[in-house]
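> Take a look at this one; I'll ask things after.
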Amino acid sequence: PRPGLSQTIPASASKIGANNTYWRTDLSIFNPSENQIDLTLNYFNNFENKSLNFNLSAYEQLNLKDIISKTFNMPETFGAITSICLNETQPILFSRTYTEAFSVSVIRNSSIGTYGQGIRASPYEETFYQGEKAYITGLKNNQDFRTNIGFFNLKEFPIEINLKLYNEIGEEIANQKYNLGPFQHLQINDIFLNLNIEEEYNGAYGELWTETKDGRFICYSSIVDNRTGDPVYIEGEGFGGYTPEGFHQIIPVVASTKGENNTNWKTEVILTNLGEEEQEVNLKYHISGGGEESLNLTIQKGEVRYFKDILTEFFSLPESFGWLEINHTTSGLKARARVYTEAFSVSVFRNPSIGTYGQGIKGINILNIADGEGYLLDLEEDENFRT
């Protein structure tokens, strides 16, 4: 991020949700420098705005629990958070929006725990200016999953956002416009139901842009398991590069293996070809402890390939874990994974069911992997969490 330009967390909340949930947001801010930095946090709840100033000393991490209610003092609201810092070194921000849930499960004793989604702050350069296309992939609509889509207007004037949805063979299934006021946050819950789309999808995708002069926005989707309520956050991405050096991605972790507390982790992978021609794709699975397996496939223009448990159904290598390397022949391939476990759960706010809990992992372009230092925030080790 560059000094003076905002970083944006497009979704945050302190609000009652469906099925007796109560969503709240924790925010962590880290100063990765030897000098003090000063920043301003702005919370935009539709047409309301509240600002607070913070100072962080060298290498300080600030953890703000339930920030919307306890720090901004705006309970029962939801919206977007921006951070502006004029120092040369910019802070690193990461949030988690979650709900508490009392449940009786076959994988653990009755307890009050949490589930939610991690949301990083997106730099201003990764938001979308007038005419620039944003894409959200891996959208689901079936008995088990629903999809919410959200937008935030980064400008002090109204903008119009265009949304097109496509099915897994690249056919347009929706075309909708949304008007956002100055600095307005808008989330459309269950977008397929909202648009009266009844067909089921495991990997639909959306294309978003604004034609408003000097307009700028950020967008996201949240894929929610209807049985457990567990969400996965998917941020809007650009089309990607056009040079062959960039036709190379990695997914840093994939698994098909048993874990602690009777969990059984699997990896879903969704490959979306946004390009104008077919893709020849090589998937190379690097197995932890040594060894690799390589397989090829062809993905047509506009096509989506969906693997519910890629290590078992594609590589035939259950009971293993490692990382996935993806090479493709042209631009426009988006790769996304979800590592999840199934769980039979009896909860106070839904019927007994077999659902899933997991985390979303996007494919990382090899050109975006920089040398130097990186930071992991929010590492926890206590009776409630492990890392």
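Since every read-out is calculated from the coordinates, none of them should be taken as a lab result. Given the structure is predicted, the values throughout are model-derived calculations rather than measurements. Every residue, glycine as well, gets a Cβ built from its backbone with ideal geometry; the counts of neighbours run over all protein chains shown.
> Can you give the Rg to Rh ratio for the stretch 22-72, taking only C-alpha atoms and Rh from Kirkwood?
On the way: Rg = 12.3 Å, Rh = 12.0 Å.
My calculation puts Rg/Rh at 1.03.
> Excluding I92 itself, calculate the net charge of residues whose Cβ lies under 12 Å from the Cβ of I92, where each Lys or Arg counts +1 and each Asp or Glu counts -1. Walk me through the numbers on the way to the answer.
Numbers: positive: R120; negative: E60, E373, D378.
Taking every Cβ under 12 Å from that of I92, the sum is -2.
> Amide H neighbours of T77 under 5 Å, counting only residues 5+ apart in sequence or on other chains, H built in-plane at 1.01 Å?
S14
> Where does the charge balance sit around S294 when Lys and Arg score +1, Asp and Glu -1, over other residues with C-beta under 15 Å from its C-beta?
On the way: positive: K284; negative: E280, E292, E293, E325.
Taking every other residue near S294 into account, the sum is -3.
> Please check: in the Gaussian network model of the chain (C-alpha springs, under 10 Å), which one of T147, T298, T356 has the largest mean-square fluctuation.
Its mean-square fluctuation being the largest, the pick is T298.
> Follow-up question, since we're still on this one. Starting from the amide H of A11, placed 1.01 Å from N in the peptide plane, find each other amide H under 5 Å away whose residue is 5 or more places distant or on another chain.
The list, which skips near neighbours in sequence, is I81.
> Please report the relative contact order for the chain, taking Cα pairs under 8 Å with a sequence separation of at least 6, and give it as a percent rounded to a whole number. Mind showing how you got there, number by number?
Numbers: 1035 pairs, mean separation 60.5, N = 387.
Relative contact order comes out at 16 percent.
> For the stretch 1-95, what does the convex hull of the Cα positions come to per residue, in cubic angstrom?
Values: hull volume 8.1 nm³, N = 95.
In the stretch 1-95, the Cα convex hull volume per residue is 86 Å³.
> Okay, next question. Using θ = phi - 60° and the Karplus relation 6.51 cos²θ - 1.76 cosθ + 1.60, list the HN-Hα couplings for the stretch 151-165 in order, rounded to whole Hz, with x at every Gly or Pro.
The phi angles translate into 9, 9, 8, 8, 10, 7, 9, x, 9, 10, 10, 9, 10, 10, 10 Hz.
> Out of F30, G79, H286, whose Cα points farthest toward the positive end of the dipole of the chain (charges: +1 Lys, Arg; -1 Asp, Glu; placed on Cβ)?
The Cα lying farthest towards the positive end belongs to G79.
> Go through the stretch 124-139 residue by residue and turn each phi into a ³J(HN,Hα) via Karplus (6.51, -1.76, 1.60, θ = phi - 60°); whole Hz please, and just put x for glycine and proline.
So the J values, rounded to whole Hz, are 3, 5, 9, 8, 10, 8, 2, x, 7, 8, 10, 10, 10, 10, x, 7.
> State log₁₀ I(q)/I(0) for the stretch 156-294 at q = 0.09, 0.10, 0.16, 0.21 Å⁻¹ as given by the Debye formula over alpha-carbon point scatterers of equal weight, solvent excluded.
Per q value, in the given order, log10 I(q)/I(0) is -0.41, -0.51, -1.14, -1.47.
> Which one, I112, I92, I188, has the greatest fluctuation when you compute a Gaussian network model over the chain with C-alpha springs under 10 angstrom?
I112
> May I pose another question? Over the stretch 1-82, what is the relative contact order in percent, taking alpha-carbon pairs closer than 8 angstrom and at least six residues apart? Could the numbers behind the result be given before it?
Numbers: 159 pairs, mean separation 33.2, N = 82.
Here the relative contact order equals 41 percent.
> Let me ask another. What net charge is computed for the residues neighbouring A204, neighbours being all others with C-beta under 14 Å from the C-beta of A204, Lys and Arg scored +1, Asp and Glu -1? Don't skip to the answer; put the middle values down first.
Numbers: positive: K140, R146, K164, R305, K334, R336; negative: E168, E171, E172, D190, E198, E199, E200, E207, E303.
Residues close to A204 contribute a combined charge of -3.
> Let me ask something additional. Based on DSSP H runs of at least 4 residues, each adding -39500 (n - 2.57), what is the mean residue ellipticity at 222 nm of the chain after dividing by all its residues, to the nearest 500 deg cm²/dmol? Before the final figure, lay out the partial values.
Values: 2 runs with 8 residues, N = 387.
Computed mean residue ellipticity for the chain: -500 deg cm²/dmol.
> The list [x] 5, 22, 32, 28, 12, 1; [y] 5, 22, 27, 20, 12, 6, 4, 3, 1, 0; [z] 5, 19, 20, 15, 11, 10, 9, 6, 3, 2, 0, 0 gives values of P(r) over Cα pairs in 10 Å bins from 0, in percent, and only one came from this structure; which label was calculated from it?
[x]
> Still on this structure: ³J(HN,Hα) across the stretch 211-224 via Karplus (A = 6.51, B = -1.76, C = 1.60, θ = phi - 60°), whole Hz, x for Gly/Pro?
9, 5, 4, 6, x, 8, 8, 10, 9, 7, 9, 10, 9, 10
> So who's got an amide H within less than 5 Å of the one on S288, skipping anything under 5 residues away but keeping other chains? H placed 1.01 Å off N, in plane.
When sequence neighbours closer than 5 places are left aside, the close amide H contacts are F321, G322, W323.
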